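What follows is a short report on a single structure.
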Amino acid sequence: MPTPPLLIEGLRLAIGEPEEKLRTIASRRLGVDASEIVEMTITRRTIDARRKRDIHRLYHVLVSFGDADLRARILKKGLAKELVSRVKDPLDLEILDGVPHGADALGGRPIVIGSGPGGLFAAWLLAREGYSPVVIERGPEVAPRVRTVRAFDRGGPHDPENNILFGEGGAGTFSDGKLTSRKRSPLNRMLHQMLVDAGAPQDILIDSKPHIGTDRLRAVLVRLRRQLTAMGVAFRFQTRMVGIDREADGSLKAIILEGGERITSSTVILAIGHSARDTYEMLYAEGVRLEFKPFQLGLRIEHPQGLIDRAQFGDFASRLPAAEYILSDASHGVFSFCMCPGGTIVASVSEAGHLCTNGMSRRSRGSGWANSGLVFTIDRDLVSGSGKHPLAGIELQRQIEKRAFEIGGGTYALPAQRARAFVKGRLSGDDMESSYALGLVRADLREVLPAPTAHAIRCALEIFDRKIPGYLGEGLLVGPEARGSSPVRILRDPATRQSPTTPGLYPVGEGAGYAGGIMSAAIDGLRSAAALIRAHGPA
């Protein structure tokens with residue numbers, strides 16, 4: 001029987017070398033014959049491009065031996081490491097192994113509002129534990145959603161309930177499908193494995209910057225829904241919650257759907273996403289406690305992908321996948337956001353007469369274009385007039401998006417400006433090419449953004465040009481980029497994870513102001529579902 005595995009970090013392979021060589025490289029590192037390694041598994045793979053003349057791949061591997069004494073000698077010499085549990089949150093361990101059920105029975109089946117990552121994985125955990133949740137999603141399933149978005153990209157009408165932001169999978173369905181996370185939790189690995197089991201590429205289990213791609217993600221969502229349905233989850237698409245009903249003590253009694261239908265339930269996982277503005281307004285009117293949350297606002301910049309590849313990989317560019325970048329200018333508070341290598345710019349629109357940008361990539365990342373948000377944080381003191389109102393950020397977003405739509409001539413053409421022209425304060429010429437499907441309109445983007453945001457981005461662009469030569473000269477700016485994060489936080493108790501004004505309401509994910517991507521939203525949903533399970537037994 002193989003020994004328990006040991007971890008070896010930082011094995012190097014030259015670009016183009018086969019991964020089969022790793023066994024030989026590992027044996028040399030350990031000073032043993034390759035035949036003495038009876039099992040080897042890659043756990044992490046990344047590209048080390050810190051030195052452009054010596055770019056290579058780095059690997060972490062797990063190795064097992066047939067000889068326990070050999071394992072002990074290697075460990076004593078410090079040539080490899082024991083695996084150490086990364087579980088810090090006891091709730092995460094329960095999610096992995098089984099959550100103890102509370103004594104109080106639920107009043108009705110638990111309801112999950114929203115089918116983005118926070119809602120879907122909350123529903124999965126509830127179903128695994130025998131709670132048979134109902135998922136309410138205002139948009140449609142993936143297939144009709146894709147057809148409607150494609151028609152819109154060809155100049156068709158905008159559907160306020162069926163678009164890039166609303167529908168099965170949430171806004172992430174039309175994205176790069178990035179699965180990176182700052183949360184150091186074993187739940188990351190569990191979630192990656194669940195996605196692989198639903199058809200995602202195997203390499204997301206080992207790549208340091210895993211991504212699925214929007215084309216592959218759609219098929220994964222369909223398989224995941226089928227798995228959840230088989231576990232007892234009920235899905236209701238094209239169904240919108242428009243109200244809540246509460247007991248005299250404020251606790252949740254029921255939800256009210258468009259058309260007047262009322263569903264009795266004492267527990268709701270609220271995973272609405274950060275573009276459900278009408279839902280925020282309803283919750284505020286019902287007395288659910290909300291607060292203004294600082295949010296990101298800016299523009300999206302696009303370059304030929306080859307420029308980014310050469311800057312990041314030098315002479316190795318033609319032998320490596322499409323390159324990414326992360327840029328930050330702390331002095332002006334600007335940073336890159338949602339960078340899409342080999343991607344396309346899309347209109348991220350939930351309300352008619354408004355215009356906002358986002359980026360997405362297919363699995364191949366082969367469009368020939370690289371785009372990224374360049375955003376600046378809007379704090380409370382930058383929101384004029386009603387800045388203390390919980391919904392003040394939404395109002396500012398709407399004003400900016402409406403202005404962009406008007407500049408674009410009411411056709412969803414994007415206001416656009418060459419980056420150098422933006423810095424110099426002049427309009428661009430006609431030399432504007434882009435991956436965006438619905439056309440560009442020459443504009444002064446300073447007319448779209450608040451002055452502090454525009455100034456910060458102008459300064460940051462000159463700094464970023466020194467980090468990536470050509471970033472300014474070859475960049476095209478479009479905008480606005482206003483949906484990078486939620487401008488609202490739905491308050492919750494840190495211990496119970498429930499709304500303090502509405503017990504039984506569990507706000508989760510990006511829309512509630514507690515996450516910032518697919519993985520963080522999914523983990524937030526899992527943890528709130530676990531808190532619900534600990535408080536209540538099944539109905």
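The values are calculated or read from the model by the stated rules, or taken from the named source; none is laboratory data. Keep in mind the model is a prediction, meaning the values are calculated, not measured. Note: ideal-geometry Cβ built from the backbone for every residue, glycine included; neighbour counts use all protein chains shown.
Test of understanding: among Tyr514, Tyr506, which residue is in contact with a Leu (Cβ under 8 Å, 6 or more places away or on another chain), among the aromatic types (Phe, Trp, Tyr) and touching a residue at least 12 places away in the same chain (Cβ under 8 Å)?
Going through Tyr514, Tyr506 in turn, the sole match is Tyr506.
Name the residue that is nearest to the chain's Cα centre (by Cα), counting only residues in region 433-488 that are small (Gly, Ala, Ser) and not in a loop (DSSP other than H, G, I, E, B). If you could, list the steps in order and put the result at the bottom.
First pass over region 433-488, keeping only residues small (Gly, Ala, Ser): 434-435, 437, 439, 443, 451, 454, 456, 460, 470, 473, 475, 479, 482, 484-486.
This time we only want the ones that are not in a loop (DSSP other than H, G, I, E, B), so: 451, 454, 456, 460, 479.
Details: Ala451: 28, Ala454: 25, Ala456: 25, Ala460: 24, Gly479: 20 Å.
Out of the qualifying residues, it is Gly479.
Being of a type in the set (A, V, I, L, M, F, W, C) and either more than 20 Å from Val346 (Cα to Cα) or outside the structural domain of Arg380 (by TED's automatic domain parsing) (or both) is the filter here, so list the residues in region 298-307 that pass it.
Leu307
For region 491-510, how many residues meet the condition of being in contact with a Phe, Trp or Tyr (Cβ under 8 Å, 6 or more places away or on another chain) and either modelled with pLDDT under 95 or not in a loop (DSSP other than H, G, I, E, B) (or both)? Give the derivation first.
Initial filter on region 491-510 (in contact with a Phe, Trp or Tyr (Cβ under 8 Å, 6 or more places away or on another chain)): 492, 497-499, 507-508.
Restricting the remaining residues to those that are either modelled with pLDDT under 95 or not in a loop (DSSP other than H, G, I, E, B) (or both) gives 507.
Here the count works out to 1.
Among Glu351, Glu281, Glu258, Glu302, which is the only one that is modelled with pLDDT under 95 and over 19 Å from the mean Cα position of the chain (by Cα)?
Glu351
Given the conditions (1) touching a residue at least 40 places away in the same chain (Cβ under 8 Å); (2) farther than 30 Å from Ala323 by Cα; (3) among the basic types (Lys, Arg), which single one is not true for Arg57?
Single failed check for Arg57: (2).
Take Ala143 and tell me if it is closer than 30 Å to Thr411 by Cα, modelled with pLDDT of 95 or more, of a type in the set (A, V, I, L, M) and assigned to a helix (DSSP H, G or I). Step through it out loud before you land on a result.
Values: closer than 30 Å to Thr411 by Cα: yes; modelled with pLDDT of 95 or more: yes; of a type in the set (A, V, I, L, M): yes; assigned to a helix (DSSP H, G or I): yes.
In short, yes.
For region 511-521: of the residues being of a type outside the set (Phe, Trp, Tyr) and not in a helix (DSSP H, G or I), which is farthest from Arg492 (Cα to Cα)?
For region 511-521, the residue satisfying everything is Gly517.
Taking region 150-195, which residues are assigned to a helix (DSSP H, G or I), surrounded by fewer than 20 Cβ atoms within 10 Å (Cβ to Cβ) and free of Cβ contacts under 8 Å to residues at least 40 places away in the same chain?
Across region 150-195, the qualifying residues are Arg150, Ala151, Arg189, Gln193.
Of all residues in region 369-386, which are among the aliphatic types (A, V, I, L, M) and either closer than 24 Å to Arg150 by Cβ or in a loop (DSSP other than H, G, I, E, B) (or both)?
Answer for region 369-386, where residues must be among the aliphatic types (A, V, I, L, M) and either closer than 24 Å to Arg150 by Cβ or in a loop (DSSP other than H, G, I, E, B) (or both): Ala370, Val383.
Just name the residue that is nearest to Thr357 (Cα to Cα) out of those in region 318-342 that are of a type in the set (A, V, I, L, M) and surrounded by fewer than 19 Cβ atoms within 10 Å (Cβ to Cβ).
Selected residue: Ile326.
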